[in-house]
Amino acid sequence: MLEFFMTSDAIMALLTLTFLEIILGIDNIVFISIAANKLPEHQRGKATNIGLLLAMVQRILLLFFVSFLIGLKEPFYHFETSWLKIAVSWQAIILFTGGLFLIYKSTSEIREKVETPKQNENDLKSKKITSLSQAITQILIIDFIFSIDSILTAVGMTNGLSPNHNYNLVLMIIAVIISIAIMIAFANPIRKFIDINPSIQMLGLAFLILIGFMLITEAGHLSETQLFGNSVGAIPKGYLYFAIAFSLFVEFLNFKTVKIGGK
């Protein structure tokens, strides 16, 4: 087993999988930060760390049920009319529901922040998430939605790497543990930065709306949806992450400009 993990193919696969998990975890960190920041101050760090640790356990458990996850891609119902055709699968339903959940939560948060000046302090306190378990439950729900896609991608990347499937499974588990450890190290500083910078909060919420639409279109693509003869295509993730990186870069320039101008 040790010989397998010392091969160049295994090392490259581990690095690639870890990088993939971290990139896909960016969405998670943004959502976790926003959910945790609605808790009282003394519970925010705890919610972030516990949420990520439970997310790691959840992803490892899902890896043991890979065959179940693969089965979720198989359509169980076909709907066809003269203008609409859908092959419904559980994976598509999960992604579609998750997309709607993200859009709803993000738009609700944006509405609350926009209306903040019109509300008194007591109104704002009443809207805070006072339950640690409630925040962690939301974190686990959204992590489950993101995990399905990342785990299936990881399985595809390690398929054929070793004839012993247990070796591939251990490799994926190590990648998940390393990526979650890295995210735990940076999640709280990111959460605090988002909390003290309202413009970053709005940008993060806008990203979540964009990701929600991406999940919905991906659900349509997986269910082979055709609307008036036109197939629904999935949004390439590279485009999405480039848009996020570019927006963050512009926001960073604005931040530096304001800082220099304030001196």
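The values are calculated or read from the model by the stated rules, or taken from the named source; none is laboratory data. The structure presented is a predicted model; accordingly, all values stated were derived computationally and were not measured. For neighbour counting, all protein chains shown are included, and Cβ atoms are generated from backbone atoms with ideal geometry for every residue, glycine included.
Please work out which residue is surrounded by the fewest Cβ atoms within 10 Å (Cβ to Cβ), limiting yourself to the range 1-56 and to residues that are outside any helix (DSSP H, G or I) and touching a residue at least 60 places away in the same chain (Cβ under 8 Å). Please lay out each step first, then the result.
The initial filter retains those residues of the range 1-56 that are outside any helix (DSSP H, G or I), namely 1, 6-7, 37-40.
Checking the rest, the ones that are also touching a residue at least 60 places away in the same chain (Cβ under 8 Å) come to 1, 37-40.
Working: 1: 10, 37: 20, 38: 18, 39: 21, 40: 12.
Ranking the qualifying residues of the range 1-56, first place goes to 1.
Every residue in the range 20-71 that is of a type in the set (Phe, Trp, Tyr) and touching a helix residue (DSSP H, G or I) at 6+ places or on another chain (Cβ under 8 Å), please.
Restricting attention to the range 20-71, the residues satisfying the condition of being of a type in the set (Phe, Trp, Tyr) are 31, 64-65, 68.
If the condition is that a residue be of a type in the set (Phe, Trp, Tyr) and touching a helix residue (DSSP H, G or I) at 6+ places or on another chain (Cβ under 8 Å), then 31, 64 are the ones that fit.
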Kindly evaluate residue 91 against the criterion of being over 20 Å from residue 219 (Cβ atoms) and part of a helix (DSSP H, G or I).
no
Could you list, in sequence order, the residues of the range 205-237 that are surrounded by fewer than 20 Cβ atoms within 10 Å (Cβ to Cβ), more than 21 Å from residue 87 (Cα to Cα) and aliphatic (A, V, I, L, M)?
206, 209, 210
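Step by step: first the residues of the range 244-263, then only those that are exposed (fewer than 13 other Cβ atoms within 10 Å of the Cβ) and within 16 Å of residue 23 (Cα to Cα), then the one that is modelled with the highest pLDDT. Which residue is that? Outline the logic, then answer.
Initial filter on the range 244-263 (exposed (fewer than 13 other Cβ atoms within 10 Å of the Cβ)): 245-246, 249-250, 252-254, 256-263.
Then keep just the ones that are within 16 Å of residue 23 (Cα to Cα); that gives 245-246.
Working: 245: 79, 246: 84.
For the range 244-263, the residue satisfying everything is 246.
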Conditions (1) modelled with pLDDT under 65; (2) surrounded by 12 or more Cβ atoms within 10 Å (Cβ to Cβ) -> residue 121 fails only (2)
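State whether the residues of the range 173-185 include one that is loosely packed, with under 11 Cβ neighbours inside 10 Å and either at pLDDT 80 or above or among the hydrophobic types (A, V, I, L, M, F, W, C) (or both).
Of the range 173-185, the ones loosely packed, with under 11 Cβ neighbours inside 10 Å are 185.
Next, from what is left, pick out any that are either at pLDDT 80 or above or among the hydrophobic types (A, V, I, L, M, F, W, C) (or both): 185.
Yes: the range 173-185 contains one or more residues that are loosely packed, with under 11 Cβ neighbours inside 10 Å and either at pLDDT 80 or above or among the hydrophobic types (A, V, I, L, M, F, W, C) (or both).
How about the range 31-71: which of its residues are β-branched (Val, Ile, Thr) and within 17 Å of the chain's Cα centre (by Cα)? Lay out the reasoning, then the answer.
Step one: filter the range 31-71 for residues β-branched (Val, Ile, Thr), giving 32, 34, 48, 50, 57, 60, 66, 70.
The answer is 32, 34, 48, 50, 57, 60.
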